[in-house]
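So the structure is just underneath, and the comments pick up after that.
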Amino acid sequence: MSYEPPTPPADLPTNVIDTLNDYSLEQLRRVARYADELAEYREREARLAEADEEDELNERSDELPDDVPSKATLTIKEINDNRYYYWQWRDGDRIKSKYKSPVNSDE
């Protein structure tokens, strides 16, 4: 690990850099956690939007529960250092989820 402060990305606005430089270690950790969660949320949103655009006439997977729509996608969520599969789909303006199973550690 370097003893020099990190170089911010060139495309990061100066006001964001200045604000982050004024934050305490605890605030920076919270911002980092939030930024990671926000990025995951937006990736999930993009995947769900893409799935909405696909033809809804796709064959229904045998492993898909009856109460989960065929447009649902399989997502991995990490909870308390454990990884789980969830079915996720859009229902109007909401994202719905249904637990599937734990992620096999052999995968």
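Nothing in this text is a laboratory measurement; each read-out follows from the coordinates by a stated rule. Source: prediction; values computed, not measured. Because the Cβ atoms are built from the backbone with ideal geometry, glycine has one as well, and the counts that use them run over all protein chains shown.
Taking 0.36 nm per residue of sequence separation and removing the Cα-Cα distance, the E50/V103 pair yields an extension gain of 16.7 nm.
Per-residue extension of 0.36 nm, minus the Cα-Cα distance of A35 and K96, leaves a gain of 19.8 nm for this segment.
A full extension of the chain between K71 and R42 corresponds to an added length of 8.7 nm, given 0.36 nm per residue minus the alpha carbon distance. For the pair E63 and Y3, a Förster radius of 35 Å applied to the C-beta separation gives a FRET efficiency near 0.10, rounded to the nearest 0.05.
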